[in-house]
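To start, the structure itself, in structure tokens.
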């Protein structure tokens, strides 16, 4: 059981790190090339679509499986494996904290700017969102990738 849970921890932290990395290296640079109106509309639609079913499963499983892998007693678990797994879990939890405290409030502000009273130009909406969101995203991507690498290392030790 512990081996299966550790394998699932590797799979789900890897999937999540991959999502974060493709946003950092491909999607956001592509969106940066859009006009202000196109960018604001595209990010609103992305933020409507991403936090659904399969993504939420991966988002939650990224934390749940490392926790489960740590919770199951293992007679032959080395101290190294234990601490690598703990460090990986800390990284994925920090990733979630950055997401919840940084990116989600910006996503919510972007969404509410569409229906708020008084028109705001797309350039102002974008300026309030893009660079801050990208900074938070770079931080959470770093933690997601580090968490994945640590959990893979735990599985190999």
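Label-to-label distance for residue 75 and residue 38 is 6.3 nm, based on points extended 7 Å past Cα in the beta-carbon direction.
Peptide packing for 57-67, 16-26 was compared via the average number of neighbouring C-beta atoms within 10 Å per residue; ordered from the highest value, the list is 57-67, 16-26. Rounded, prolate or oblate: which fits the range 92-157 when a ≥ b ≥ c are the square roots of the eigenvalues of the alpha-carbon gyration tensor, with rounded for a/c under 1.5 and prolate only if a/b beats b/c? In terms of gyration-tensor shape, prolate. What separates the Cα centres of the range 9-67 and the range 79-157 is a distance of 9 Å. Think of it as helices only: each DSSP H run of n ≥ 4 in the chain is worth -39500 (n - 2.57), and spread over all residues that comes to -26500 deg cm²/dmol at 222 nm. Distance between the 7 Å Cα→Cβ label points at residue 3 and residue 139: 4.0 nm.
Listed values [x] -0.79, -0.85, -1.03; [y] -0.72, -0.83, -1.21; [z] -0.70, -0.78, -0.99 include one computed from this model; for log10 I(q)/I(0) by the Debye sum over Cα atoms at q = 0.14, 0.15, 0.18 Å⁻¹ that value carries the label [z].
If R0 equals 30 Å, the separation of the Cβ atoms of residue 46 and residue 93 corresponds to a calculated FRET efficiency of about 0.80. Modelled label positions at residue 57 and residue 25, each set 7 Å beyond Cα in the direction of Cβ, lie 2.5 nm from each other. Axis angle, to the nearest 10 degrees, between helix 36-49 and the longest C-alpha principal axis of the chain: 40 degrees.
Where a number appears in this text, it was derived from the coordinates with a stated rule and is not lab data. This is a predicted model, so every value here is computed, not measured. FYI the Cβ positions are ideal-geometry reconstructions off the backbone, even for glycines, and counts take in every protein chain you see.
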